[in-house]
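Participant: Before I ask anything, here is the structure I am working with.
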Amino acid sequence: MSVPHNVLTYEYNGTHSYFLEYIGKCKAGVITIGHELMEELERRLAHFDDPNIKIDFDDAHKRIKFIETKCKHFEAPFAGKPFLLELFQKAFVEAIYIFKVYDDEIGRWVRLIQDVLFLVARKNGKTPLISALCLAEFFCGEIGTRILCSSNDYEQADLMFQAINSMREESKSLERVTRSNIKGIFFGNPKKPKKTGKFSYKNKGTIKKISAKTGAKEGKNIKVGAVDEVHELKDNTSVMPIRQAVSTQDEPLYIELTTEGVINDGYLDERLREARQVLNGELERPRWLIWLYTQDNEQEVWQDEKSWVKSNPGLGVIKKRSFLKKMIDEAKTSKSMRVFVLSKDFNIKQNNATAWLVHDDIVNEETFDLEEFRNSFGIGGVDLSKSGDLASARVLLMKPGSQKKYFIQKYFIPEAKLSQLSKPDREMFKEWIRQDLIVVSPGNENDFSLVTAWFVKLYKDYGIRVFKTGYDKWSAIYWVKEMDSYGFDCERVAQEFGSMSEPMKLVEADLKSNLIVYQNNPIDKWCLENTALNMNSKMELMPVKVQGKDDKKIDGAVTMIITYKIYIDNRTEFLQMVGR
């Protein structure tokens, strides 16, 4: 008969349990965790009293011992040192392996946990931990164990694979009986005497890497599938082949590891909705381990530094507290950094289509007389838009010795578009037309020659010479030829993360510092208010419409960013022209 578990002595049947130690210290307040992880710990603690579940520590402790004695870190500042697991990591490994259920179809006890969702903030060692666990499974699991490392893109999948391979190479005993090439890691080493038994060429176990987008091509009959950074996935189509591939095994193990993300209604959103239904008792998923390191609310992030460990269990050991403090300080002054830090460092979901700027960032009532810039050089920016839509053109001007950017702008719209606007917007646009802020083209399409004429008029009336003009790709071919015929130098600026990110960040900083003077133009204000930031996993930005404002326009904000892109790429030369 089993001896009851004791969460105070951390033992079960005379065996020390890291899982019981972890939950005991969490309950005692020695370790701080969020309520979602506590709910999962309670759910698993009940297994110790379930007569249908057997508690067996052998598999878990075998893998923990393997990681701590065979695996070594490969990155600074821990490179070359033994991979000594923290208590939260040991508890996590135990939670995967110690619970067994009897399978009537197979006729033996098997591991209860088959699926794992591991959500933890960045820089807490999630990829190295799962990599070490995969390597432990490769050596400690069944002969012929096939493991697949995957992610949304090949580069991210390669990070996990290289982590596994680096740990393998750091250990002489592991490297002696294995080999690796661009296709994967295999048993048997042609440079060493051939071995017999488990670690010989007869063992057909492999570790490979693929992009989740090509999961169906390589993911057949694998025992372990680990998908990194699932927050980048838009839906389940790329991971289902991997999940199905492990289903042929008696004891499959499918692991999803990730931080939070900013993709709206993506794959992770759906997984977390289901996970929280399980934790709330609304769904029954006994074979799914839901290990979420999350904050209980956003307010505690800003008000209680001690709460940071809820989403950062490695804080102070794996992740530096000083680093996190620095991120928090930057997040207080930058919207883009705030989105990134809350999602990546605290696992608080951020909407990637919320307002980029607040009202105070945008408002600047300063104006100027264009005569001040007679015979000056400028940088142009144009968002031509599709037919039947608003178009924007502007010129950025500067004064010698000043960091301020002065904008002159003009908007363009087809006459037919006005009747399609909502009544409030229609009245607003009519007023802007009366103020000569918008030029109306007859018919259904914008006449882009009017855009060219506006640039030409600036030169004729004020001698303003546009050094270079940035433009987006839409309907620009003939317009660029026309501009070229007048001697304007045009450069394409693609509306994508790579080209828009840095200028968007600088526009934000300059707006907050009142370094952008846009003549208090109401259309510029309106466009900035309608603009949201979209962020990818590299913390690159691009402008999009605020969610729920599909009928609003952001063209003015886009042309600001385009001119800043040209400015950044040609800063030295342009400032020399300004100083003449």
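Participant: Could you figure out which of (1) touching a helix residue (DSSP H, G or I) at 6+ places or on another chain (Cβ under 7 Å); (2) assigned to a strand (DSSP E or B) isn't true of Met38?
Facilitator: That leaves (2) as the condition not met.
Participant: More than 23 Å from Gly14 (Cβ to Cβ) and in contact (Cβ under 8 Å) with a residue 12 or more places away in the chain, is that true of Pro77?
Facilitator: no
Participant: Return the residues of region 296-326 that are in a loop (DSSP other than H, G, I, E, B) and within 19 Å of the chain's Cα centre (by Cα); say none if nothing qualifies.
Facilitator: Glu298, Ser311, Asn312
Participant: Any chance you could count how many residues in region 167-184 are surrounded by fewer than 18 Cβ atoms within 10 Å (Cβ to Cβ) and assigned to a helix (DSSP H, G or I)?
Facilitator: The qualifying residues number 5.
Participant: Quick check: is even one residue across region 542-561 surrounded by 15 or more Cβ atoms within 10 Å (Cβ to Cβ), farther than 25 Å from Trp432 by Cα and touching a helix residue (DSSP H, G or I) at 6+ places or on another chain (Cβ under 8 Å)?
Facilitator: Yes.
Participant: Would you call Asp329 part of a helix (DSSP H, G or I), within 23 Å of the chain's Cα centre (by Cα) and free of Cβ contacts under 8 Å to residues at least 24 places away in the same chain?
Facilitator: In short, yes.
Participant: Here's something else I'd like to know. Just checking, how many residues over region 73-96 are buried (at least 19 other Cβ atoms within 10 Å of the Cβ) and not in a loop (DSSP other than H, G, I, E, B)?
Facilitator: Matching residues across region 73-96 total 9.
Participant: Of the residues Met500, Met483, which single one is in the same structural domain as Leu541 (by TED's automatic domain parsing), of a type outside the set (Phe, Trp, Tyr) and in contact with a Cys (Cβ under 7 Å, 6 or more places away or on another chain)?
Facilitator: On inspection, the qualifying residue turns out to be Met483.
Residues are listed down the side, and each one gets a yes or a no for (1) loosely packed, with under 14 Cβ neighbours inside 10 Å; (2) closer than 19 Å to Val517 by Cβ; (3) out of contact with any Phe, Trp or Tyr (no Cβ under 7 Å at 6 or more places or on another chain):
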site	(1), (2), (3)
Val309	no, no, yes
Gly314	no, no, yes
Ser336	no, no, yes
Leu370	no, yes, no
Leu390	no, no, no
Leu396	no, yes, no
Gly401	yes, yes, yes
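Participant: In region 439-479, which residues are in a strand (DSSP E or B), among the hydrophobic types (A, V, I, L, M, F, W, C) and farther than 24 Å from Ser376 by Cα?
Facilitator: Val439, Val440
Participant: Sticking with this one: Does Asn534 count as polar (S, T, N, Q) and either in a loop (DSSP other than H, G, I, E, B) or closer than 18 Å to Val363 by Cα (or both)?
Facilitator: So Asn534 does not fit the description; no.
Participant: Evaluate region 529-537: report whether one residue or more is more than 30 Å from Asp425 (Cβ to Cβ) and either modelled with pLDDT under 95 or touching a Pro at 6+ places or on another chain (Cβ under 6 Å) (or both).
Facilitator: Within region 529-537, one or more residues are more than 30 Å from Asp425 (Cβ to Cβ) and either modelled with pLDDT under 95 or touching a Pro at 6+ places or on another chain (Cβ under 6 Å) (or both).
Okay, residues lined up against (1) closer than 17 Å to Gly498 by Cβ; (2) in contact with a Phe, Trp or Tyr (Cβ under 6 Å, 6 or more places away or on another chain); (3) free of Cβ contacts under 8 Å to residues at least 12 places away in the same chain:
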site	(1), (2), (3)
Met535	yes, no, no
Lys549	no, no, no
Asp555	no, no, no
Asn570	no, no, no
Gln576	no, no, yes
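Participant: Would you mention how many residues in region 542-580 are part of a helix (DSSP H, G or I), out of contact with any Gly (no Cβ under 6 Å at 6 or more places or on another chain) and either over 18 Å from Leu506 (Cβ atoms) or not charged (D, E, K, R) (or both)?
Facilitator: The qualifying residues number 15.
Participant: Residue check: is Asn347 part of a loop (DSSP other than H, G, I, E, B) and under 22 Å from Glu300 (Cβ atoms)?
Facilitator: Yes: the conditions hold for Asn347.
Participant: Is region 48-64 home to any residue that is out of contact with any strand residue (DSSP E or B) (no Cβ under 7 Å at 6 or more places or on another chain), assigned to a helix (DSSP H, G or I) and among the aromatic types (Phe, Trp, Tyr)?
Facilitator: So far as region 48-64 goes, no, none of its residues is out of contact with any strand residue (DSSP E or B) (no Cβ under 7 Å at 6 or more places or on another chain), assigned to a helix (DSSP H, G or I) and among the aromatic types (Phe, Trp, Tyr).
Participant: Give the residues of region 482-525 that are outside any loop (DSSP other than H, G, I, E, B), within 21 Å of Phe368 (Cβ to Cβ), at pLDDT 95 or above and not aliphatic (A, V, I, L, M), sorted by residue number.
Facilitator: The answer is Asp510, Pro522, Asp524, Lys525.
Participant: Given Phe139, Phe118, which one is outside any helix (DSSP H, G or I), buried (at least 18 other Cβ atoms within 10 Å of the Cβ) and touching a residue at least 24 places away in the same chain (Cβ under 8 Å)?
Facilitator: That would be Phe118, the only listed residue that is outside any helix (DSSP H, G or I), buried (at least 18 other Cβ atoms within 10 Å of the Cβ) and touching a residue at least 24 places away in the same chain (Cβ under 8 Å).
Participant: Check Leu283, Leu279, Leu233 and return the single one that is surrounded by fewer than 23 Cβ atoms within 10 Å (Cβ to Cβ), of a type outside the set (D, E, K, R) and in contact (Cβ under 8 Å) with a residue 40 or more places away in the chain.
Facilitator: Leu279
Participant: Can we say Glu431 is in a helix (DSSP H, G or I), more than 38 Å from the chain's Cα centre (by Cα) and either closer than 30 Å to Gln299 by Cα or of a type outside the set (Gly, Ala, Ser) (or both)?
Facilitator: Answer is yes for this residue.
The values are calculated or read from the model by the stated rules, or taken from the named source; none is laboratory data. What you see is a predicted model; the values in this text were computed from it and never measured. So basically every Cβ, Gly included, is an ideal-geometry build from the backbone, and we count neighbours across all protein chains shown.
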